[in-house]
1. Among the candidates E292, E260, E280, which residue alone is among the acidic types (D, E), open to solvent by 50 Å² or more (accessible area, probe 1.4 Å) and free of Cβ contacts under 8 Å to residues at least 24 places away in the same chain?
2. Tell me, yes or no, whether the stretch 240-249 has at least one residue that is away from the ligand (no atom under 12 Å from the Cβ), touching a strand residue (DSSP E or B) at 6+ places or on another chain (Cβ under 9 Å), small (G, A, S) and open to solvent by less than 10 Å² (accessible area, probe 1.4 Å).
3. Out of the stretch 13-55, which residues are closer than 20 Å to G210 by Cβ and among the aliphatic types (A, V, I, L, M)?
4. Any idea how many residues of the stretch 6-27 are in a loop (DSSP other than H, G, I, E, B), surrounded by fewer than 23 Cβ atoms within 10 Å (Cβ to Cβ) and in contact with a Leu (Cβ under 8 Å, 6 or more places away or on another chain)?
5. Which of the residues spanning the stretch 169-206 are away from the ligand (no atom under 12 Å from the Cβ), basic (K, R) and modelled with pLDDT of 95 or more?
6. Please go through the stretch 112-146 and pick out each residue that is more than 20 Å from the chain's Cα centre (by Cα) and part of a strand (DSSP E or B).
7. Could you list, in sequence order, the residues of the stretch 31-64 that are within 11 Å of the ligand (Cβ to nearest atom) and either of a type in the set (D, E) or in a strand (DSSP E or B) (or both)?
8. Only one residue in A286, A192, A201, A181 is of a type in the set (A, V, I, L, M), under 16 Å from E329 (Cα atoms) and open to solvent by less than 10 Å² (accessible area, probe 1.4 Å). Which one?
Amino acid sequence: MSGGTALVTGGCGFVGRHVVSRLLAEGWDVWVIDNTSTGKPPEGWVPAVRTIRRTDGAATYVCPGGASLTFIPGDVRQVLRAAIDARMLPPFNLVCHLAAVVGGRMKIDGDPLAVATDLSIDAEFFNWAIRANPDRVLYASSSAAYPVDLQESEGHVALREDMIDFERGRLGMPDMTYGWAKLTGEYLARIAAQKYGLHVACVRPFSGYGEDQDESYPVPAIAARAARREDPLTVWGSGQQGRDFVHIDDCVEAMLRAVEVISDGSAVNIGSGKLTTFLEVAAMFARLEGYEPEIKPLVDKPVGVQARYADPSRARQLLGWAPSISLEEGFRRVLEAARRRHASPLEVV
Ligand SMILES: NC(=O)c1ccc[n+]([C@@H]2O[C@H](COP(=O)([O-])OP(=O)(O)OC[C@H]3O[C@@H](n4cnc5c(N)ncnc54)[C@H](O)[C@@H]3O)[C@@H](O)[C@H]2O)c1
């Protein structure tokens, strides 16, 4: 995609920081709206050569090469509502809507009404988007939108995009309020495309992971325990539950390809197709760390569905995409980052 002006809502979050960094490296001028409820403010991660601060709290970071990041701190709902009347945002060539209350399994199961805020964020977002009419919009849905009954220990299947079928009204029970919100967000995206002509793509990432992910997520959490050489090395639940892990760099590549080729609000999986259990995750980190701990399940912890993995066919056909970073390589990078943090606990990644 050629450069221009992009907006990334939730651009200070885990996925957002990687999307923003990639766009800046490609010469885009990027705007970010984020309330930093879980995100990290740009000073910590943007390679700015100059910073222009505004009295309203916004700031523009000029990067080497001239691309800039303009950061508007605040709740995306309020900022977008105010922006449409005050014309305070430029026209955008690309908008990536990532702002959401996410959190790990503890948040999804433990505070479902806080997560339901996503319904309100997405409703405000699409109402803004149809009025602002950016050239392209990416909606970050999730694999959590898939029916949970397809993800049980017996009879689980690789999740295929058409297992959510709005046209025929074939929908199942998604994963908690998080899945409901994402399913509804996808429906809004389709309406925005069909009734208002918005060019919008939905993506369903499976378990994205990376070096700078918060330790409330399983991969960095298990890596941190392995880096500390904990024995026993604990995993949540029986550890038999599995996920489809994708490195964040691969995830971002798929997202940017999707928004180029999908315009009708339909969705594509971002997953490898491979199911890896948490016992296997722990075993891999122990091996990479070079020790042999007892791997101990913590059965009182929340675990979510048993088996969640993608059918990667549509991504391959439509986007020409498959993950390029193996689990071994990705986990090695995460472990190295965890070791650095362990050696120097104040280091911010
Ligand atoms: N990480 C994954 O593997 C994954 C998988 C599937 C879907 N997703 C989706 O990708 C998006 C980003 O996820 P993430 O993992 O980076 O989560 P994250 O929590 O790291 O990022 C979310 C960002 O949104 C911001 N935010 C939350 N509420 C806001 C509000 N009201 N106004 C402005 N900013 C707000 C947070 O401060 C944070 O920076 C989410 O929509 C998530 O559902 C992520």
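1. Values: E260 fails: free of Cβ contacts under 8 Å to residues at least 24 places away in the same chain; E280 fails: free of Cβ contacts under 8 Å to residues at least 24 places away in the same chain.
Among E292, E260, E280, only E292 is among the acidic types (D, E), open to solvent by 50 Å² or more (accessible area, probe 1.4 Å) and free of Cβ contacts under 8 Å to residues at least 24 places away in the same chain.
2. Scanning the stretch 240-249, I find at least one residue that is away from the ligand (no atom under 12 Å from the Cβ), touching a strand residue (DSSP E or B) at 6+ places or on another chain (Cβ under 9 Å), small (G, A, S) and open to solvent by less than 10 Å² (accessible area, probe 1.4 Å), so the answer is yes.
3. Hits for the stretch 13-55 are V15, V19, V20, L23, L24, A25, V30, V32, V46.
4. The total comes to 0.
5. Of everything in the stretch 169-206, those that are away from the ligand (no atom under 12 Å from the Cβ), basic (K, R) and modelled with pLDDT of 95 or more turn out to be R190, K195.
6. None - no residue of the stretch 112-146 is more than 20 Å from the chain's Cα centre (by Cα) and part of a strand (DSSP E or B), so the list stays empty.
7. Across the stretch 31-64, the qualifying residues are V32, I33, D34.
8. Unique residue meeting the criteria: A286.
The values are calculated or read from the model by the stated rules, or taken from the named source; none is laboratory data. None of these values were measured; they are calculated from a predicted model. For neighbour counting, all protein chains shown are included, and Cβ atoms are generated from backbone atoms with ideal geometry for every residue, glycine included. Surface accessibility is based on the protein's heavy atoms, side chains included, excluding ligands, DNA and RNA. Shrake-Rupley method; radii C 1.70, N 1.55, O 1.52, S 1.80 Å.
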